[in-house]
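Data block below; observations after.
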Amino acid sequence: MRKKPEDRFYKKVDKNGANGCWLWTGGKIAGGYGHFRLRDKMVSAHRFSYIINKGEIAKGMKVCHSCHNTSCVNPEHLFLDTHHGNMKRMKQEGRLVKGSEHGAAKLDEAKVKYIRRLYREGFSMADIAKMHRVNPVTISKVIHGQRWTHVTE
């Protein structure tokens with residue numbers, strides 16, 4: 001007989017974490033977010049916890065952590081917000097990583113200054129993108145101040 005998803009889920013939860021966090025002990029992705037197999041697809045462990053404990057998640061809403069622990073699945077630490085609201089709160093709390101601090105960044109602050117200088121000197125965005133092995137859209141956003149806004153000349 002097949003186990004219920006809730007039973008399988010709770011076998012991978014350690015309810016003895018610091019600050020009342022319930023720590024996900026199963027598989028995780030980058031950033032420490034737990035993942036859980038539900039039927040034939042992977043779902044975020046904190047989202048699954050929210051659903052089974054609090055109910056459905058409206059379209060466009062994100063499940064956020066009041067404890068700021070991405071491995072936590074304690075439903076008392078989970079709440080809904082929009083992506084914009086979550087990013088705004090992260091910025092206000094100083095938790096939003098930027099620039100070369102971001103693990104996926106292909107550029108750094110020095111390269112951004114260099115890119116802007118090359119553009120002022122007449123290089124095309126396409127050529128600059130090839131030099132740095134990034135998408136031309138990325139270069140456009142760097143040059144027009146939509147990305148790397150914290151880097152000043």
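Which pairs do you get when a residue that is in contact (Cβ under 8 Å) with a residue 40 or more places away in the chain, found in segment 1-30, comes within reach of a residue that is polar (S, T, N, Q) and surrounded by 14 or more Cβ atoms within 10 Å (Cβ to Cβ), reach meaning Cβ atoms under 6 angstrom, with the pair 6+ apart or on two chains?
That search, which allows pairs on different chains as well, returns Cys21/Asn69; Cys21/Asn74; Trp22/Asn74; Leu23/Ser71; Trp24/Ser71.
I want to confirm something. Restricting to segment 114-126 and keeping residues that are assigned to a helix (DSSP H, G or I) and open to solvent by 60 Å² or more (accessible area, probe 1.4 Å), which single residue is nearest to Lys91 (Cα to Cα)? So that I can check it myself, show each step before the final result.
The initial filter retains those residues of segment 114-126 that are assigned to a helix (DSSP H, G or I), namely 114-120, 125-126.
Okay, now just the ones that are also open to solvent by 60 Å² or more (accessible area, probe 1.4 Å), so 114, 117, 119-120.
Working: Tyr114: 27, Arg117: 28, Tyr119: 30, Arg120: 31 Å.
Step by step, filter segment 114-126, then rank; the result is Tyr114.
What's the number of the only condition in (1) farther than 25 Å from Gly31 by Cα; (2) surrounded by 14 or more Cβ atoms within 10 Å (Cβ to Cβ) that Leu107 fails to meet?
The single condition Leu107 does not satisfy is (1).
Go through segment 127-153 and give me each residue that's in contact with a helix residue (DSSP H, G or I) (Cβ under 8 Å, 6 or more places away or on another chain), open to solvent by less than 50 Å² (accessible area, probe 1.4 Å) and not hydroxyl-bearing (Ser, Thr, Tyr).
Correct list: Ile128, Ala129, His132, Ile139, Val142, Ile143, Trp148, Val151.
Determine, yes or no, whether Val112 is of a type in the set (A, V, I, L, M, F, W, C) and modelled with pLDDT under 90.
Numbers: of a type in the set (A, V, I, L, M, F, W, C): yes; modelled with pLDDT under 90: yes.
Criteria met by Val112.
Only one of Phe36, Phe48 is touching a Phe, Trp or Tyr at 6+ places or on another chain (Cβ under 9 Å) and in a helix (DSSP H, G or I). Can you tell me which? Write out each step before concluding.
Details: Phe36 fails: in a helix (DSSP H, G or I).
Within the list Phe36, Phe48, the selection yields Phe48.
Out of Leu23, Leu38, I need the residue that is over 30 Å from Trp148 (Cβ atoms), open to solvent by 30 Å² or more (accessible area, probe 1.4 Å) and either of a type outside the set (Val, Ile, Thr) or out of contact with any Leu (no Cβ under 6 Å at 6 or more places or on another chain) (or both). Which one? First the steps, then the outcome.
Values: Leu38 fails: open to solvent by 30 Å² or more (accessible area, probe 1.4 Å).
Only one candidate passes the filter, namely Leu23.
Please count how many residues of segment 7-20 are open to solvent by less than 70 Å² (accessible area, probe 1.4 Å) and either assigned to a loop (DSSP other than H, G, I, E, B) or not β-branched (Val, Ile, Thr) (or both).
So in segment 7-20, the residues open to solvent by less than 70 Å² (accessible area, probe 1.4 Å) come out as 9, 13-14, 17, 20.
Now restrict to residues that are either assigned to a loop (DSSP other than H, G, I, E, B) or not β-branched (Val, Ile, Thr) (or both): 9, 14, 17, 20.
Residues flagged as open to solvent by less than 70 Å² (accessible area, probe 1.4 Å) and either assigned to a loop (DSSP other than H, G, I, E, B) or not β-branched (Val, Ile, Thr) (or both) within segment 7-20 amount to 4.
Could you tell me whether Ser100 is at pLDDT 90 or above, touching a helix residue (DSSP H, G or I) at 6+ places or on another chain (Cβ under 9 Å), hydroxyl-bearing (Ser, Thr, Tyr) and under 25 Å from Ala30 (Cβ atoms)?
Numbers: at pLDDT 90 or above: no; touching a helix residue (DSSP H, G or I) at 6+ places or on another chain (Cβ under 9 Å): yes; hydroxyl-bearing (Ser, Thr, Tyr): yes; under 25 Å from Ala30 (Cβ atoms): yes.
It is false that Ser100 is at pLDDT 90 or above, touching a helix residue (DSSP H, G or I) at 6+ places or on another chain (Cβ under 9 Å), hydroxyl-bearing (Ser, Thr, Tyr) and under 25 Å from Ala30 (Cβ atoms).
Looking at segment 132-153, I want the residues that are within 14 Å of Arg117 (Cα to Cα) and have a partner that is open to solvent by less than 60 Å² (accessible area, probe 1.4 Å) and among the basic types (Lys, Arg) with Cβ atoms under 8 Å, at least 6 apart or on another chain. Which pairs are those?
Val142/Arg116; Ile143/Arg116; Glu153/Arg116
Take the residues in segment 58-96 that are surrounded by fewer than 16 Cβ atoms within 10 Å (Cβ to Cβ) and charged (D, E, K, R), then tell me which one is modelled with the lowest pLDDT.
Across segment 58-96, the extreme among qualifying residues is Arg95.
The values are calculated or read from the model by the stated rules, or taken from the named source; none is laboratory data. Just so we're clear, the structure is a prediction, and the values are computed from it rather than from any experiment. Cβ sites come from the backbone with ideal geometry, for glycine too, and all protein chains shown count toward neighbours. Protein only, heavy atoms only, side chains kept; ligands, DNA and RNA dropped before computing areas. Shrake-Rupley method; radii C 1.70, N 1.55, O 1.52, S 1.80 Å.
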